[in-house]
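The values are calculated or read from the model by the stated rules, or taken from the named source; none is laboratory data. Model, not experiment: these values are computed from the prediction. Here the Cβ positions follow ideal geometry from the backbone for every residue, glycine too, while neighbour counts run over all protein chains shown.
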């Protein structure tokens, strides 16, 4: 039996610590035996779970097992996240007032939505790199105009391969003080996916299903739990499933909040052309965390070592690496043709055609 690497052992430890449930009793021995604290906190930071790990250790009385300087280092991660998120939410209140005055509704996405909806009970547990908004397509240019008139600067969106960037999206920067070095970033979306082939055909259907959550005296609209799960799966697919642990924990905590109707969720994923991203994401989660799935839920055979490798490689805008493309394409074809799969689980020809087009684009631009 292959001995897990040091990185694998740390990741295993982090999965257990990061869950908001009570950690297992044997975690005490594992923390005591682990001495490479510099590497430990670096991995925590890279995976986006440093403040969550610190608070979990503190909550369950494990923090005293760390050397004093390492306790301080963990505390710095947590309080830096608290301070950064406080800046984001101060601006979010101002944005809410600006858009409300113009009667422009919006939905919060990603980490911000999880904080305001209470998935993370403490705002300092979930680091934010930016804040994502979803507005109706007819409102996106008026929203951009009013925000740029109130101190936000419109930045160019990074380049995507041809045919991928179909949906309007705007990247905004804000500096409270023009001389400060760390600005705040906001993404303005009109669709859940940057490609028109993915996501709901009619984004208008998202709004009746959305929920309202009050946070610091302001009521915000967020996606429903099933829509958030599908959107997060699409987000992982765009990042080539190079999952940071915090992204997978986001989905796990959503599933803990509300167990979905799996049949309906997969049917909706089929309509969004994101069946494979959903199955792949569920596989990434179940490989590390306890997640109850129906007995007939489709499974994707995937080695645990490959899942760990998704957490260590540098991000890429491409969905498939060149040396894995044949294997992944064959896996898609196999999954879509298995007779044991219900009809609604089979992948649409549009999805397979899109994968082939991406592969051709990579060959042309080598």
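Structure notes:
- Residue 260 being part of a loop (DSSP other than H, G, I, E, B) and under 23 Å from residue 202 (Cβ atoms): yes
- When residues in region 232-245 are screened for being farther than 10 Å from residue 277 by Cα and buried (at least 20 other Cβ atoms within 10 Å of the Cβ), 2 of them pass.
- Selection status of residue 104, outside any helix (DSSP H, G or I), closer than 22 Å to residue 205 by Cα, assigned by TED's automatic domain parsing to the domain that holds residue 196 and touching a helix residue (DSSP H, G or I) at 6+ places or on another chain (Cβ under 8 Å): yes
- Here residue 275 meets each of (1) surrounded by 20 or more Cβ atoms within 10 Å (Cβ to Cβ); (2) modelled with pLDDT of 75 or more; (3) farther than 21 Å from residue 198 by Cα with one exception, condition (3).
Rundown of residues vs (1) touching a strand residue (DSSP E or B) at 6+ places or on another chain (Cβ under 9 Å); (2) under 20 Å from residue 108 (Cα atoms); (3) assigned to a helix (DSSP H, G or I); (4) at pLDDT below 90, yes/no style:
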residue: 147; (1), (2), (3), (4): yes, yes, yes, no
residue: 171; (1), (2), (3), (4): yes, yes, no, yes
residue: 178; (1), (2), (3), (4): no, no, no, yes
residue: 181; (1), (2), (3), (4): no, no, no, yes
residue: 192; (1), (2), (3), (4): yes, yes, no, yes
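- Matching entry among 136, 153 (being more than 17 Å from residue 191 (Cβ to Cβ) and assigned by TED's automatic domain parsing to the domain that holds residue 187): 153
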